[in-house]
Every structure is written in C-alpha cells, then in structure tokens.
Amino acid sequence: MTKDQPGLRERKKAATREALGWAALRLAVERGLENVRVEDIAAAAGVSPRTYNNYFSSKAEAIVSRHRDRVLQAAGELRARPAQEPLWEALTRSLVAPYVGAPEGPDPRWTAAVRLLLREPALQAELLRDSAGVRRELAAAVAARTGTDADRDLYPNLVASAALSALQAANEHYLAADPVVPFQPLLTEALRQLAAGLPDPSSR
C-alpha cells in the first residue's frame, strides 16, 4: 500500500457509505421519500440502523451523498492528473471519471421517478446545503493545479462554480431526455462547450 492509497478500513467505510447512499436512493425512487425508513435503508445495505446513523443524519443526506462523493472523487482525480495536461481537459476527465461504468441507458421510468424525487424540499435543501462544501473542494483542486489561491483569487472558484453548473445542467438534461441518452457523453459535451467559451449556436 502506498502513502496515497486508502487502507482496508477506509475502503470498507467508503463501501458502506456508498451502499447506504445507493440503497436510500433506490428505495426513495421506488416508494417515495416519506415511505422509506432508516431501518429499510440499513437492511437493504446489509448493516444495522446504528451503523446507518454513524454515517448519515437523514435520508436526504444519504441520497445527496452520492453527488457529494462523486465531486470529491473528481477533485482527487484532478489533483492526480498529469501536470502538463491542459486544465479543462484534466477537469473534464476528472468530472467524468466517477461515472465510468454507470449504466448508459437507464429505464425511462427510473429517470422520471428520480426527477420527481429531486423536487422534494428536503432533498433540495440538502443539495443547497452541500453545494458550498463541494465547490470549495473542487476550487481547492483547481487552485493547486493553477498556482492560485482559492481563498484570495476569483479564478479557481469561478472555474469550480462553472464546472459544477455544467454538471447540474447535464444531469437535468439527462433526467428529462426522451428517449434517454447516455450521461457521460452529455457531461463531456457540456464541459467542452464551457471550455470553448459557450459559443453562440445561432451564429453557426
């Protein structure tokens, strides 16, 4: 094990957290957020309710954790990308990396149910509460790569905010698309357009 690799304990904790987040999302989509108990989520993940409470304080936090963990993974990926790689290429690869291996063509009923679930006030509040933290982590990774200071300079925070807005727009487009479209190319295209300065399509 190298210095930067997590140990067995950390990997187990990450796997448990991921299992709980996925179970919370799946059950909320199937039953509705109000019809899911903590005991249901814990049982679906194969752990006790006490273990669940060690990771999350609410069902909304468990569901939103999937988004948070992916952005944090992307920030880590960005720090590890080759230094000579252009920023937006590195940022795009990093933000797409957490979605590698995800289903390319989900059931339209699933995306429709997720779209309805995301209208829940509790989830919207949790996403809003979480947004500052994940933006700060991504901005710190951008700052480390560009030799800027995330506490003093506008640039890393602007890049992080823009990239996360592209991620949100791609996700909303993905959930609303009929027929369904694969997410990874959609996110890649959103970031490509952003890196190009969002050229006006009407001028083509």
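What is the angle, in °, between the Cα long axis of helix 183-195 and the longest principal axis of the Cα atoms in the chain? Nearest 10 is fine, range 0 to 90. Between the helix axis and the principal axis of the chain, the angle is about 30 degrees.
Put in order of Cβ neighbour count within 10 Å, fewest first, the listed residues R9, R17 become R9, R17.
Roughly how many Å is it from the Cα centre of the stretch 56-76 to that of the stretch 152-204, as a whole number? Spelled out, the Cα-based centre of one part sits 20 Å from the other.
Based on alpha-carbon atoms, the Kirkwood radius and the radius of gyration of the stretch 47-123 give Rg/Rh equal to 1.08. Report D for the chain in µm² per second (integer): Stokes-Einstein, Kirkwood Rh on Cα pairs, 25 °C, 0.890 mPa s. My calculation gives 134 µm²/s for D. Helix 59-80 and the longest principal axis of the C-alpha atoms of the chain enclose an angle of approximately 30°. Rounded to the nearest 0.05, what FRET efficiency is calculated for R192 and A122 with R0 set to 30 Å and r the Cβ-Cβ distance? With a Förster radius of 30 Å, E is 0.30. Pairwise Cα distances in the stretch 7-56 exceed 14 Å for 47 percent of all pairs.
When you filter the trypsin sites (Lys or Arg not before Pro) in the stretch 93-163 for DSSP loop state and at most 12 other Cβ atoms inside 10 Å of their Cβ, you are left with R119, R152.
Quick note: the coordinates plus some simple rules give every number you see, no bench work behind them. Since this is a predicted model, take the numbers as computed values, not measurements. Every residue, glycine as well, gets a Cβ built from its backbone with ideal geometry; the counts of neighbours run over all protein chains shown.
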